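Asks: What follows is a structure written as structure tokens; I'll ask about it next.
The values are calculated or read from the model by the stated rules, or taken from the named source; none is laboratory data. All figures in this text were calculated on a predicted structure; none of them were measured in a lab. Cβ sites come from the backbone with ideal geometry, for glycine too, and all protein chains shown count toward neighbours.
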Amino acid sequence: MYPGKRDGSIPAFSDFDNIMIQQTEFSLSARSRGCHLVTQEILANLPKPLPEAGLLHLFVKHTSCALSINENADPDVRSDMEKIMNRLVRENEPYYDHVFEEADDMPAHAKSSLFGVSVTIPITGGRLNLGTWQGIYLCEFRNYGGPRRIVATIYE
């Protein structure tokens, strides 16, 4: 049964007329290869104020980096994540067909697919409802990927 509908039916689109959607696009500053905590940079680029309740969906418009949520306290976690990914997906493998760019390119595409290019975070009380030790990572899989474009969609 669908919450809020006594007969179990799925609500019609018109039932959602009061949902507000905001969308913005911005660049994260260029970073070297690795996992980088970008929570504050993302917050600085979001429209203010955030709704009392809603969702933030973040999407990175690139195929050689990723977004993730993980520990925000110990920087060793970020460096360990980079080491793990480099061990799982190695450079210069003889079976790669996509070899026109630098040695880090094909592994970056594979790592991006493994991690994913989007995250969704609940908004509660006008703040991102992350856990105490959670932060948003930009996982840069190229030695130099340049600025990364983010599309942020806020559902209220």
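Asks: Would you check if residue 78 is of a type in the set (D, E, K, R) and surrounded by 17 or more Cβ atoms within 10 Å (Cβ to Cβ)?
Replies: Against the criterion (of a type in the set (D, E, K, R) and surrounded by 17 or more Cβ atoms within 10 Å (Cβ to Cβ)), residue 78 qualifies.
Residue-wise test of (1) of a type in the set (Val, Ile, Thr); (2) buried (at least 16 other Cβ atoms within 10 Å of the Cβ); (3) over 12 Å from the mean Cα position of the chain (by Cα).
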{"residue": "26", "(1), (2), (3)": "no, no, yes"}
{"residue": "29", "(1), (2), (3)": "no, no, yes"}
{"residue": "35", "(1), (2), (3)": "no, yes, no"}
{"residue": "40", "(1), (2), (3)": "no, no, yes"}
{"residue": "58", "(1), (2), (3)": "no, yes, no"}
{"residue": "62", "(1), (2), (3)": "no, yes, no"}
{"residue": "72", "(1), (2), (3)": "no, yes, yes"}
{"residue": "83", "(1), (2), (3)": "no, no, yes"}
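Asks: With respect to residue 23, is the statement that it is outside any strand (DSSP E or B), out of contact with any helix residue (DSSP H, G or I) (no Cβ under 8 Å at 6 or more places or on another chain) and modelled with pLDDT of 95 or more true?
Replies: no
Asks: Among (1) of a type in the set (A, V, I, L, M); (2) more than 25 Å from residue 25 (Cα to Cα); (3) out of contact with any helix residue (DSSP H, G or I) (no Cβ under 9 Å at 6 or more places or on another chain), which single condition is residue 85 missing?
Replies: Here residue 85 meets the rest and fails (3).
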